[in-house]
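This report concerns only the one structure given below.
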Amino acid sequence: MITQVEKLRQRRVIWKSEGRCQNCGGDEELHNHTTLCKRCADRQSENTKRLHQERLQQNLCIWCGQPALVDDQRCNNCRRKNLNDRYQKKYGITLDIAERLLKEQDCKCLLCMKQLTERTFVVDHCHRTGDVRGLLCKTCNSQLGHYERMETLGAKEYVNRKALNAVGCTI
């Protein structure tokens, strides 16, 4: 015997193959490359916003509902997953590799030697090649982006030293 849930799943597969809304089966245009019509997408968005607000009020992670970190809207697992996904997409490294780099640098910024933590480092990378050069504090990373205005040679020496590993990325 097929349950109601199974029947709905089967209908949704058919609706998806026909380009119809997977929620209501409507044949109006689907919203922004989703499988939902605009009305259902808006309703889902409102429900998600309401759920996030409820979780924030209870100091719960907005994604999974577990207790959130004190200074974040997410729990540690969701924060780490989000960071890992972002680092893989943007820099081609995992969060574990970034943390290993942090330990190899003795938890210090490679330019100013300021103490870094797992929450304060910034991944420095060559914009031409995408190669990761190291981990910096936010201030040095920002200044390095504007190295032409810097009067000291610290940033230039750092980039040129790291350029030996990242071909074509010199000042």
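Counting the residues of the stretch 84-99 that are in contact with a helix residue (DSSP H, G or I) (Cβ under 6 Å, 6 or more places away or on another chain) and of a type in the set (Val, Ile, Thr) gives 2.
Pairs linking a residue in the stretch 19-32 that is outside any loop (DSSP other than H, G, I, E, B) to a residue that is modelled with pLDDT of 80 or more, with Cβ atoms under 6 Å and 6 or more positions apart or on different chains, do not occur.
Which one is modelled with the highest pLDDT, of the residues in the stretch 62-101 that are crowded, with 16+ Cβ neighbours inside 10 Å, within 13 Å of the chain's Cα centre (by Cα) and assigned to a loop (DSSP other than H, G, I, E, B)? It comes out as Ile93.
Could you tell me which residue of the stretch 100-113 is nearest to Tyr87 (Cα to Cα), considering only residues that are in contact with a helix residue (DSSP H, G or I) (Cβ under 8 Å, 6 or more places away or on another chain) and not aliphatic (A, V, I, L, M)?
Looking at the filtered set, the residue picked out is Cys109.
Residue count for the stretch 102-128, restricted to those that are open to solvent by 60 Å² or more (accessible area, probe 1.4 Å) and over 16 Å from the mean Cα position of the chain (by Cα): 11. Taking the condition modelled with pLDDT of 80 or more and within 30 Å of Arg119 (Cβ to Cβ), does Gly25 pass? Answer is no for this residue.
Annotation for the stretch 8-16: no member residue is assigned to a loop (DSSP other than H, G, I, E, B), surrounded by 13 or more Cβ atoms within 10 Å (Cβ to Cβ) and out of contact with any strand residue (DSSP E or B) (no Cβ under 7 Å at 6 or more places or on another chain).
The values are calculated or read from the model by the stated rules, or taken from the named source; none is laboratory data. The structure displayed is predicted, hence computed values, not measured ones. Positions of Cβ are backbone-derived with ideal geometry, glycine not excepted, and every protein chain shown enters the neighbour counts. When the accessible area is computed, the model is the full protein with side chains, heavy atoms only, and any ligands, DNA or RNA have been set aside. Shrake-Rupley method; radii C 1.70, N 1.55, O 1.52, S 1.80 Å.
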